[in-house]
């Protein structure tokens, strides 16, 4: 009766670490808490491509999991901007949000929450290169690792999903359980060059990524949406 | 001619973040370096289960990629110990090692490299709970985030694969490229409770995991291998 189902949402071309970081954390939590269940949902059960050569497939369809307790949507580059026009996906986010306690995103997944109408008037974050685009959905962009705005929690780019998920476990079960999960995934980060030095952010080197993500072919059938994004790019 | 193919190896039940952390990092590097190619290999192209509800599928079979430049094998819990008896997998590791420049592992993937005969007389690391098992393969266990022993590089548990992969990019292309990839995946970790305090490691809370991984049903058909592991557990 008290079972809480947390649904990770798939769509073609997503950035796979956005998905798998928090999926690993919440799956570890689920093995320790019988009332917490993790599922991976997609429009169909067929394998889809990611932004790597790995193909992935969900455990359930959107239709199977209509009232999850929580939802997480991962981000990506051009495929995520294309997904803004993916009606079954955006409808799933908008519909589940009516009853879910937690709607969460990693990276540019925040834009999908925005298109589903969930960021209007809220603080939110996303991948640093895409942060200004949040304004297109009425959100106030914030440069933080994650932004807990009550029922909607957004994380920064890609790897930030791990931190978001540990924060979620703390919110759901307290710090002791969260720390045990952290030991389980041996999350004791040691970036070879230390943390990021934002004064050296390679805007130039990564600009082709942003240009590709908002390129001519992207959202070609949705000039309205495209214009809204470009106004904030 | 100079193309370098890096193969990520799949087998049923693996810990998916072990795979996806470094896969994301090296895939980002591959988009910036035309001579570097990432593939995901499995015995067949069929989707397999992981230690989460996500199913995954490779881009190529073992037979398709016989002489990769580099190989990474992820770890896991009981399924990884079972995989010690997976002949096609162990043969793939042993055979590719003859020509590969780099054989690498994350977490208990190190045990699979050990069974393939690649750790004898070398320093190596793995998930902290399984570290002593490395002795079963003639390795000297080391408590480091990753251990670069020349052609064989092993990483600690699960999330350590991200650090290993950034180290690999530095080794392959230098620190500037590695830092750009780090910005791309916004790897600026902020564990909610800070880094791990090893004096509080939850040996008790996670012991069922180790017991399950070495449980009665595991490697039931390979008493020799089982005894070798138990001698060091």
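The values are calculated or read from the model by the stated rules, or taken from the named source; none is laboratory data. Everything numeric here is computed off the predicted structure, so don't read it as measured data. In this analysis, Cβ positions are derived from the backbone assuming ideal geometry, glycine residues included, and neighbour counts consider all displayed protein chains.
Okay, residues lined up against (1) farther than 25 Å from residue B:38 by Cα; (2) facing another protein chain (nearest Cβ under 7 Å); (3) out of contact with any helix residue (DSSP H, G or I) (no Cβ under 9 Å at 6 or more places or on another chain):
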site	(1), (2), (3)
A:5	yes, no, yes
A:22	no, no, no
A:27	yes, yes, no
A:32	yes, no, no
A:36	yes, no, no
A:43	yes, no, no
A:54	no, yes, no
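Residue count for the stretch A:8-20 under the criterion of being part of a loop (DSSP other than H, G, I, E, B) and more than 9 Å from chain B (Cβ to nearest Cβ): the result is 4.
Of all residues in the stretch B:112-123, those satisfying the criterion of being out of contact with any strand residue (DSSP E or B) (no Cβ under 6 Å at 6 or more places or on another chain), part of a loop (DSSP other than H, G, I, E, B) and surrounded by 22 or more Cβ atoms within 10 Å (Cβ to Cβ) are B:116, B:119. Of the residues contained in the stretch B:129-144, none is found to be farther than 21 Å from residue A:16 by Cα and free of Cβ contacts under 8 Å to residues at least 12 places away in the same chain. In the stretch A:124-220, counting only helices (runs of 4 or more DSSP H) that sit wholly within it, the ones holding 1 or more residues that are more than 26 Å from residue A:84 (Cβ to Cβ), at the interface with chain B (Cβ under 9 Å from one of its Cβ atoms) and at pLDDT 95 or above span A:160-173, A:175-184.
Residues in the stretch A:15-36 that are out of contact with any strand residue (DSSP E or B) (no Cβ under 8 Å at 6 or more places or on another chain) and either in contact (Cβ under 8 Å) with a residue 12 or more places away in the chain or under 30 Å from residue A:78 (Cα atoms) (or both): A:15, A:17, A:18, A:20, A:21, A:24, A:25, A:28, A:32, A:33.
Could you say whether any residue in the stretch A:71-91 is under 17 Å from residue B:190 (Cα atoms) and surrounded by fewer than 21 Cβ atoms within 10 Å (Cβ to Cβ)? The answer is no; no qualifying residue exists.
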